[in-house]
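The values are calculated or read from the model by the stated rules, or taken from the named source; none is laboratory data. All values reported here derive from a predicted model rather than from experimental measurement. Glycine gets a Cβ as well: all are built from the backbone with ideal geometry, and neighbour counts include every protein chain shown.
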Amino acid sequence: MADNARLLAVKGLLKVLPAEGGGRSLRDILAEQPVLPAAERGLLTDLMFGVCRHQRLLDHWLNEQMDKPLKSSAKAVRLALLCGVYELWFSERPQHAVVNAWPDVCRALKAPWAAGLCNALLRKASRTDAQQAGRHLDVPLRCSLPDWLWQRLDQAWPEQANVIAEVSLSPPPLTVRLSDVVEQAFVEQGLLDEGLEVQRGALAPQARYISPPRPVHALPGFAEGYLSVQDEAAQLPALLIESPPAGRILDACAAPGGKTGQLAERFPDATLVALDIDAGRLKRVRDNLDRLQQTATLLSGDAGKPTTWWDGVLFDAVLLDAPCSATGIMRRQPDLKWHRRDSDIANLCGLQTRILDAIWPLIRPGGVLVYATCSILPEENAGQVEAFLARHGDAREDTPTEHRSVVTRHGCQLLPVENGPDGFFFARLRKAN
């Protein structure tokens with residue numbers, strides 16, 4: 001039943017958005033849910049992602065309607081109310097069905113006292129909409145951003161910040177990377193034969209935008225390894241890697257393995273090492289490589305501590321997709337808005353610096369390091385590269401910038417685009433001979 005999906009959504013959100021702060025990954029919680037029919041799974045996913053995307057606006061509206069706040073012990077009821085308002089405002093499901101469904105969810109949550117309150121609030125919500133509710137609110141409230149994050153975005157990109165905030169609310173497009181080892185026209189035709197629309201990306205030659213979206217496992221050619229789900233911007237860093245055909249390449253911080261597969265296809269005769277600090281996540285790298293019928297050496301270790309895993313043989317090229325704030329992919333991981341704190345940025349910058357300095361000695365003279373993040377904060381990106389060049393006299397920058405959204409002193413910065421690429425940054429650094 002659909003109500004089962006609604007109840008599961010509330011219980012899942014309790015783990016993602018607990019009252020005391022913190023919380024677990026939205027994607028991890030969804031992965032733990034029981035097997036559901038496609039329609040129920042779609043509803044569950046929509047509710048959980050939607051409430052995370054719009055939480056601050058929904059919260060604000062709810063607070064304005066209530067004479068007194070709910071007790072902290074009623075967190076589940078509050079999340080049920082947020083889910084109901086979200087569903088009324090942002091889905092196309094019949095309003096009467098939504099209004100009728102959520103009081104029953106409150107009863108299933110062992111809060112029968114909340115059923116009448118829920119019914120009254122949802123009837124009120126059904127007489128308005130998100131645009132009306134947010135019309136006179138400032139951007140952080142209307143676009144559901146933490147104040148600290150909005151201030152950073154507004155300071156970094158004053159001319160683009162409003163658009164970035166709006167794009168963070170839109171579901172991302174379904175973007176795939178076509179395999180290097182299969183005729184692209186053949187793969188495209190398979191998608192078209194399924195009634196899907198296929199649009200070529202403007203930045204990455206193998207990027208295709210697929211509509212309407214469908215589960216990745218239902219895409220023709222996915223099981224055979226003909227295509228992989230990968231944002232268009234995320235496809236660009238691996239294209240900057242230069243190596244002799246039989247060279248040594250390191251994919252640092254490799255999980256879940258999208259770029260590892262891309263490198264394996266581009267350099268079939270190379271020795272490719274995929275490194276990640278999380279041994280459990282390396283299984284996803286292995287699964288991706290198996291599906292693509294590619295191979296790599298998988299190592300578990302801290303990229304910032306090479307003495308624990310490096311064999312002493314220099315690499316021709318390193319791709320470092322560094323841990324970052326993920327501010328460029330908020331529409332894909334909206335729970336990160338509520339899990340991140342302002343103080344995290346300095347900590348992440350310190351981690352990035354440590355990894356960059358540790359990896360650089362592992363590269364042969366004349367080799368390249370491609371540094372990438374899915375962040376749009378300058379201190380993690382252009383600022384990080386500037387500081388690295390100041391520390392390392394044997395490094396020079398060699399970054400193609402034709403795809404950049406904005407001019408920066410270093411690297412190529414892409415800002416997120418509705419129905420287009422995510423926010424992303426990359427820079428190619430070359431070691432002196």
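Looking at the stretch 58-65, can you tell me whether even one residue there is more than 26 Å from Val167 (Cβ to Cβ) and surrounded by 17 or more Cβ atoms within 10 Å (Cβ to Cβ)? Within the stretch 58-65 (the criterion being more than 26 Å from Val167 (Cβ to Cβ) and surrounded by 17 or more Cβ atoms within 10 Å (Cβ to Cβ)), the answer is no, since none of the residues qualifies. Just to check your reading of the model, which residue among Leu192, Leu240, Leu227 is among the hydrophobic types (A, V, I, L, M, F, W, C), more than 22 Å from Leu336 (Cβ to Cβ) and more than 22 Å from the chain's Cα centre (by Cα)? Leu192 is the lone residue from the list that is among the hydrophobic types (A, V, I, L, M, F, W, C), more than 22 Å from Leu336 (Cβ to Cβ) and more than 22 Å from the chain's Cα centre (by Cα).
Here is a yes/no grid of residues against (1) within 30 Å of Asp46 (Cα to Cα); (2) under 22 Å from the mean Cα position of the chain (by Cα):
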position	(1), (2)
Pro256	yes, yes
Arg266	no, no
Ile277	no, yes
Leu282	yes, yes
Ala296	no, no
Ala303	no, yes
Val313	no, no
Ser325	yes, yes
Arg354	no, no
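Among the residues of the stretch 1-46 satisfying the criterion of being over 25 Å from Arg284 (Cα atoms) and without any contact (Cβ under 8 Å) to a residue 12 or more places away in the chain, which is surrounded by the fewest Cβ atoms within 10 Å (Cβ to Cβ)? In this case the residue turns out to be Glu20. Residues in the stretch 170-182 that are β-branched (Val, Ile, Thr) and assigned to a loop (DSSP other than H, G, I, E, B): Val181, Val182. A Cβ distance below 9 Å, combined with a sequence gap of six or more or placement on separate chains, defines the contacts here; from the stretch 159-185, residues that are touching a residue at least 60 places away in the same chain (Cβ under 8 Å) and within 30 Å of Asp138 (Cβ to Cβ) reach residues that are in a strand (DSSP E or B) and of a type outside the set (S, T, N, Q) in the pairs Gln160/Val406; Pro173/Tyr209; Pro173/Ile210. The stretch 183-268 holds strands (runs of 3 or more DSSP E) entirely within its bounds, and those carrying 1 or more residues that are surrounded by 18 or more Cβ atoms within 10 Å (Cβ to Cβ) map to 207-211, 227-229, 248-252. Could you check, for the stretch 279-300, whether at least one of its residues is touching a Leu at 6+ places or on another chain (Cβ under 7 Å), modelled with pLDDT of 95 or more and more than 24 Å from Val181 (Cβ to Cβ)? Within the stretch 279-300, one or more residues are touching a Leu at 6+ places or on another chain (Cβ under 7 Å), modelled with pLDDT of 95 or more and more than 24 Å from Val181 (Cβ to Cβ). Residues to consider are Ala111, Ala115; find the one that is closer than 22 Å to Leu8 by Cβ and either at pLDDT below 95 or not in a helix (DSSP H, G or I) (or both). So the residue among Ala111, Ala115 that is closer than 22 Å to Leu8 by Cβ and either at pLDDT below 95 or not in a helix (DSSP H, G or I) (or both) is Ala111.
Ala39 meets each of the listed conditions (1) at pLDDT below 95; (2) not in a helix (DSSP H, G or I) apart from (2).
When Arg135, Arg152 are checked against the criterion of being surrounded by fewer than 20 Cβ atoms within 10 Å (Cβ to Cβ) and either under 23 Å from the mean Cα position of the chain (by Cα) or under 26 Å from Arg332 (Cα atoms) (or both), Arg135 stands alone in meeting it. Within the stretch 189-221, the only residue that satisfies the criterion of being in contact (Cβ under 8 Å) with a residue 24 or more places away in the chain, in contact with a strand residue (DSSP E or B) (Cβ under 7 Å, 6 or more places away or on another chain) and among the charged types (D, E, K, R) is Arg208. Counted as qualifying within the stretch 269-376 are the helices (runs of 4 or more DSSP H) with 2 or more residues that are free of Cβ contacts under 8 Å to residues at least 40 places away in the same chain, namely 282-292, 342-359. Of all the criteria given as (1) surrounded by fewer than 18 Cβ atoms within 10 Å (Cβ to Cβ); (2) not in a loop (DSSP other than H, G, I, E, B), the one not satisfied by Thr401 is (2). Among the residues of the stretch 377-398, just one is part of a helix (DSSP H, G or I), exposed (fewer than 13 other Cβ atoms within 10 Å of the Cβ) and small (Gly, Ala, Ser), namely Ala390.
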